[in-house]
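So the structure is just underneath, and the comments pick up after that.
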Amino acid sequence: MASAPAKQIEPAVLPERIPRHVAIIMDGNGRWANARGLPRAEGHRRGVEVVRRAVRYAGERGIRYLTLFSFSSENWSRPQSEIQDLLNLLRLFIRRDLSELKANNVRIHVIGARTGLPGDIRELIEAAERETAANTGLVLQVAFNYGARDEIVRAARRLAEKAARGEVKAEEIGADLFQSCLDTAGTPDPDLVIRTSGEKRISNFLLWQAAYAEFVFMPVLWPDFDDAHFDAALREFAGRERRFGGIRSE
Ligand code: IPE
Ligand code: IPE
Ligand code: MG
């Protein structure tokens, strides 16, 4: 009898090919639940479990920044009950996971509009940022009530206000100053953007910051996303040639 083929062991991605910043559009929770005859809320709940695993994996792999798109400024158009489920999951995540994240040296940063969020959520977000501000490990950037157009408009407004107060002149406004007014100020641009669920669109995520990101679209639904999928995305990234408008370096 022929012996079974040796198990394929994928080569590990070299440390220098590990992206510094990975951003993920965590999509497909609803479809995952529908396919099982479960309420959409169950898909979201499972999605949070996958977030925990992805955060751990990113830390282990030496990724420095992980941005997770968890609620968009357009997601308010969903049914009230689903919005409440998503807000409750954020509450639960911060209450339950903050101590472990703190212990693991994770720094939390939340991007997105704060106005329009319930007061207790704003307080939880502020506490999570404050209590992890001195941590030096993985930066976990959570995009909540986030929309890139909204972020860009708020930055433009901030600059216009500075100009009106005479603090900045129009000719001083360039990409660096503009960037410093975005929610992501101080965070390097994402190198790799992963979207799960098979959709191939950006859905108003990091429009400015992802200008030169590599994109990996994966058919897996977010609740099924595991370390092997994350690994596959990193391998795909490691094989890409980034040029930033230049020419191939020989
Ligand atoms: C992603 O899953 C989570 C959020 C957008 C909040 P979806 O809820 O969008 O799941 P699908 O795309 O309907 O399957
Ligand atoms: C993007 O997913 C937002 C999040 C993952 C939080 P959506 O499910 O809202 O995007 P569309 O509506 O399919 O473009
Ligand atoms: Mg979706």
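The values are calculated or read from the model by the stated rules, or taken from the named source; none is laboratory data. Since the structure is predicted, the reported quantities are computational estimates derived from the model, not experimental observations. Neighbour counts run over all protein chains shown; Cβ positions are idealised from the backbone, glycine included. The area values use the complete protein model at the heavy-atom level, side chains included, leaving out ligands, DNA and RNA. Shrake-Rupley method; radii C 1.70, N 1.55, O 1.52, S 1.80 Å.
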Would you mind getting me the FRET efficiency between residue 130 and residue 173? Use the beta-carbon distance for r and R0 = 45 Å, nearest 0.05.
0.90
Approximate spin-label separation residue 103-residue 60, in nm, with each point projected 7 Å along Cα-to-Cβ
1.7 nm
How much of the accessible area of segment 35-169, in percent, comes from carbon and sulfur atoms when a 1.4 Å probe is used?
49 percent
If amide H atoms are built 1.01 Å from N in the plane of the peptide, which residues on other chains or at least 5 residues away come under 5 Å of the amide H of residue 28?
222
Residues of type aspartates and glutamates that residue 169 reaches as a straight line, Cα spacing below 12 Å, ignoring anything fewer than 8 places off in the same chain
161
Partner aspartates and glutamates for residue 162 [C-alpha distance under 15 Å; skip if fewer than 8 residues away on the same chain]:
171, 172
Non-local residues with an amide H under 5 Å from the amide H of residue 107, with H modelled 1.01 Å from N and Pro and chain starts lacking one, are 137, 138, 139, 140
Can you compute the helix-only [θ] at 222 nm over the chain? Use -39500 (n - 2.57) per DSSP H run of at least 4 residues, normalise by all residues, nearest 500 deg cm²/dmol.
-13000 deg cm²/dmol
At 1.306 mPa s and 10 °C, Stokes D of segment 89-214 from Kirkwood alpha-carbon radius, µm² per second
97 µm²/s
Please work out the C-alpha center-to-center distance from segment 123-202 to segment 34-79 and express it in whole Å.
20 Å
Taking the Cα centre of the chain as origin and charging only Cβ (+1 Lys, Arg; -1 Asp, Glu), how large is the dipole, in debye to the nearest 20?
220 debye
With a probe of 1.4 Å, find how much accessible area the chain has per residue, and write the answer as a whole number in Å².
54 Å²
Give the aspartates and glutamates reachable from residue 102 as a straight Cα distance under 13 Å; neighbours fewer than 8 places away on the same chain don't count.
129, 131
